[in-house]
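The values are calculated or read from the model by the stated rules, or taken from the named source; none is laboratory data. Because the structure is predicted, anything quoted here is derived from the model rather than measured. In this analysis, Cβ positions are derived from the backbone assuming ideal geometry, glycine residues included, and neighbour counts consider all displayed protein chains. Side chains included, ligands, DNA and RNA excluded: accessible areas come from the protein's heavy atoms. Shrake-Rupley method; radii C 1.70, N 1.55, O 1.52, S 1.80 Å.
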Amino acid sequence: MIKITNLKKVYKNDSGQITALDQIDLEVKKGEIFGIIGLSGAGKSTLIRCMNLLEKPTTGSILIDGQEIVELQGMQLRKLRSSLGMIFQHFNLLMQRTVEGNVAFPLEIAGVSKKDIKTRAIELLELVGLSDKKKAYPAQLSGGQKQRVAIARALANNPKVLLCDEATSALDPLTTKSILALLKDINIKLGLTIVLITHEMGVIKEICDHVAVIDNNHIVEVGTVIEVISTPASETSRRLFGYSGKEIPLLDFQQEPGVEYSIRIKVTFTGKSALKPVISNIVRQYGVDANILFGNIDYVQGAPLGELVLELSGDETSVRNALGYIKKINLAYEVLSA
């Protein structure tokens, strides 16, 4: 659906050049919700603005549905943008227009008949749950309602892709959750491809299928959300998604007196594996002591994702057999110290 290859964006100023994006390679499949996460200044907003040519890349390729878009101009560029809906952090509504008028605006520009505009606007306001607010003005709406209007407006021209630039950053947690549920519902009902950028880990965990982690203007990791959270391959991902398993703040690792062998591991539990009695099994079957040093459980799209840091102690053969059991039942683990 979207394929980005070797993308680079350089800004020039009086002091020289600033590289905002460098060697970006990314692929988004049709119908998925793809998240791009990074800290402020990492380059994520520039990247999403390059996708609809609000920013023109310095070099590189962007294919959307097999069409190279980087050199599009005039009518072809306008046609492209009509197929790409965009929603923003601060809504960007027309304050002097009603809710219905805001949704109608892109259709008016496209030359759609008044009758069809009205039908489409009512249909979209019903989709986003704002049928009763069609005559209200933006100043009379809450933040969540404003973003729902912005979503309806972005869908007016039946876009192939919806681009979301920090769409929930200005909203409170409960409203954020309702907007994310709406985006997921739209994704399912319309088969719409959604690309969203955010610095909020909760947004990625709530609705995204895949995630790209961007740092210092480079993509440092791409994968399914479960993969990136449970087994992060970059230090940036470890920082963004929380506990890395590398430090235990309360305890230093020390070999216990009289114990032949001890090892500290981080075990990641996902999906149904989170329900398995792993610790009791390894204690009972292999005769090792299992001391829990740290535990955490989270949810990714409703599925449990847990972490345990364990200290396994006993004779070396038993401990290693216990590790073999953990591997056999397809749990991911990382040796932290031995």
Of all residues in the stretch 142-177 being open to solvent by 10 Å² or more (accessible area, probe 1.4 Å) and of a type in the set (Val, Ile, Thr), which is nearest to Gly191 (Cα to Cα)?
-> Thr176
Within the stretch 212-234, restricting attention to residues that are assigned to a helix (DSSP H, G or I) and in contact with a strand residue (DSSP E or B) (Cβ under 8 Å, 6 or more places away or on another chain), which residue is nearest to Gly35 (Cα to Cα)?
-> Val225
For the stretch 307-322, how many residues are more than 17 Å from Thr231 (Cα to Cα) and open to solvent by less than 40 Å² (accessible area, probe 1.4 Å)?
-> 7
Quickly run through the stretch 323-338 and pick out the residues that are among the charged types (D, E, K, R) and open to solvent by 70 Å² or more (accessible area, probe 1.4 Å).
-> Lys327, Lys328
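Yes/no matrix, rows are residues, columns are (1) closer than 26 Å to Ile219 by Cβ; (2) open to solvent by 80 Å² or more (accessible area, probe 1.4 Å); (3) at pLDDT 95 or above:
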{"residue": "Tyr11", "(1), (2), (3)": "yes, no, no"}
{"residue": "Ser45", "(1), (2), (3)": "yes, no, no"}
{"residue": "Gln67", "(1), (2), (3)": "yes, yes, no"}
{"residue": "Gln73", "(1), (2), (3)": "no, yes, no"}
{"residue": "Arg78", "(1), (2), (3)": "no, yes, no"}
{"residue": "Ser83", "(1), (2), (3)": "yes, no, no"}
{"residue": "Met86", "(1), (2), (3)": "yes, no, no"}
{"residue": "Arg97", "(1), (2), (3)": "no, no, yes"}
{"residue": "Ile109", "(1), (2), (3)": "no, yes, no"}
Residue check, Lys29 in contact with a Gly (Cβ under 6 Å, 6 or more places away or on another chain) and either open to solvent by 80 Å² or more (accessible area, probe 1.4 Å) or charged (D, E, K, R) (or both) | no
When the stretch 77-101 is checked residue by residue, the ones that are part of a loop (DSSP other than H, G, I, E, B) and within 12 Å of Ala152 (Cβ to Cβ) are Phe91, Leu93
Among the residues of the stretch 287-306, is any modelled with pLDDT under 90, open to solvent by 60 Å² or more (accessible area, probe 1.4 Å) and assigned to a helix (DSSP H, G or I)?
-> no
Given the conditions (1) in contact with a Cys (Cβ under 6 Å, 6 or more places away or on another chain); (2) farther than 16 Å from Leu192 by Cβ, which single one is not true for Ile87?
-> (2)
Picking from Thr193, Thr198, Thr224, which residue would you name as being at pLDDT 95 or above and either surrounded by fewer than 21 Cβ atoms within 10 Å (Cβ to Cβ) or under 14 Å from the mean Cα position of the chain (by Cα) (or both)?
-> Thr193
Any chance the stretch 115-133 includes a residue that's among the small types (Gly, Ala, Ser), out of contact with any Asp or Glu (no Cβ under 9 Å at 6 or more places or on another chain) and more than 29 Å from Cys50 (Cβ to Cβ)?
-> yes
